[in-house]
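Report on one structure; see the data block that follows.
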Amino acid sequence: MCLSTVYKNDLVPESVVMKNVMRIECKDGCVILTDLMERQMAIEGTLEMANLVDGVAVVKETAV
């Protein structure tokens, strides 16, 4: 099973928004994250990068 840690804007420890992410969906300008416990979080923005070998993804948040 491949689980990922998702970061907002930069791949730095203080930017972690969710760990153990099993699903990433892009819909209507939002990136919807779902973790192993089925908790969901939506971030307005785009998926910038996903490295499934290393288990990381970066979401670029839309500037308000």
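Being farther than 15 Å from residue 9 by Cα and of a type in the set (Val, Ile, Thr) is the filter here, so list the residues in the stretch 33-51 that pass it. Of everything in the stretch 33-51, just one residue is farther than 15 Å from residue 9 by Cα and of a type in the set (Val, Ile, Thr), namely 34.
Within the chain, which strands (runs of 3 or more DSSP E) (wholly inside it) include 1 or more residues that are aliphatic (A, V, I, L, M) and open to solvent by 40 Å² or more (accessible area, probe 1.4 Å)?
Details: elements: 4-8, 16-27, 30-35, 40-51, 56-61.
So the answer is 16-27, 40-51.
The values are calculated or read from the model by the stated rules, or taken from the named source; none is laboratory data. The structure displayed is predicted, hence computed values, not measured ones. When the accessible area is computed, the model is the full protein with side chains, heavy atoms only, and any ligands, DNA or RNA have been set aside. Shrake-Rupley method; radii C 1.70, N 1.55, O 1.52, S 1.80 Å.
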